[in-house]
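The structure appears right after this line, and notes come after that.
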Amino acid sequence: MGMAKPTKVLLVARAFILLNDQRIHLIRRTDGDWYDAGLWETAGGKVDPGELAEKGLTREIQQETGFTVTLIHPLLMLENYIIKEGPYAGWTYMGMCGVARRTGGTEKLSREHTASRRVTYNELLQQNLTKHTKKAAVFFKDILTAH
């Protein structure tokens with residue numbers, strides 16, 4: 001028997017960013033994106049091979065928002081499935097999410113995003129959110145409403 005083919009994994013780390021004014025920072029994906037176009041989400045993205053998830057998260061947040069952050073709730077794996085379509089079809093998706101506090105930086109959105117919002121938890125739930133963000137918002141309700 002030959003060696004098993006290695007599983008290709010797409011590890012994505014995201015975090016709700018808490019702001020000093022007791023609001024949560026959201027970003028809107030571009031309308032032309034191939035995935036979740038025009039929807040609101042938390043900042044984050046793909047973790048590079050050989051990179052720790054927390055390091056990848058802080059790098060992605062800085063790239064997407066211009067913010068520096070400190071993670072205040074550890075990353076938890078909230079989703080795991082086989083991707084059905086698109087450039088990662090057949091890969092295993094592992095989605096992690098946590099909660100971070102903004103510690104610095106000036107907002108500068110990446111080309112992947114067209115707008116940002118500062119919202120309360122109740123306002124968050126009324127946005128047109130990605131399914132990942134919706135699921136994580138419910139999971140982290142106690143933390144997001146206590147800050």
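The values are calculated or read from the model by the stated rules, or taken from the named source; none is laboratory data. Worth saying up front: this structure is predicted, and the values here are computed from it rather than measured. Neighbour counts are summed over all protein chains in view; Cβ atoms, including those assigned to glycine, are modelled from backbone coordinates with ideal geometry.
Considering 57, 78, the condition of being under 18 Å from residue 139 (Cα atoms), in contact with a strand residue (DSSP E or B) (Cβ under 6 Å, 6 or more places away or on another chain) and surrounded by 14 or more Cβ atoms within 10 Å (Cβ to Cβ) is satisfied by 78 alone. Cβ-Cβ distances below 6 Å connect the following pairs, each with a first residue in region 27-39 that is modelled with pLDDT of 95 or more, a second residue that is among the basic types (Lys, Arg), and a separation of six or more residues or different chains: 39/29.
Taking the conditions (1) under 16 Å from the mean Cα position of the chain (by Cα); (2) closer than 16 Å to residue 45 by Cα; (3) outside any strand (DSSP E or B) in turn, residue 88 satisfies each one other than (1). Pairs meeting the criteria (first residue in region 40-66 and touching a residue at least 12 places away in the same chain (Cβ under 8 Å) and part of a loop (DSSP other than H, G, I, E, B), second residue crowded, with 20+ Cβ neighbours inside 10 Å and of a type in the set (D, E, K, R), beta carbons under 6 Å, at least 6 apart or on different chains) are 42/14.
Is region 93-104 home to any residue that is hydroxyl-bearing (Ser, Thr, Tyr), farther than 27 Å from residue 146 by Cβ and not in a loop (DSSP other than H, G, I, E, B)? Yes, that holds for at least one residue.
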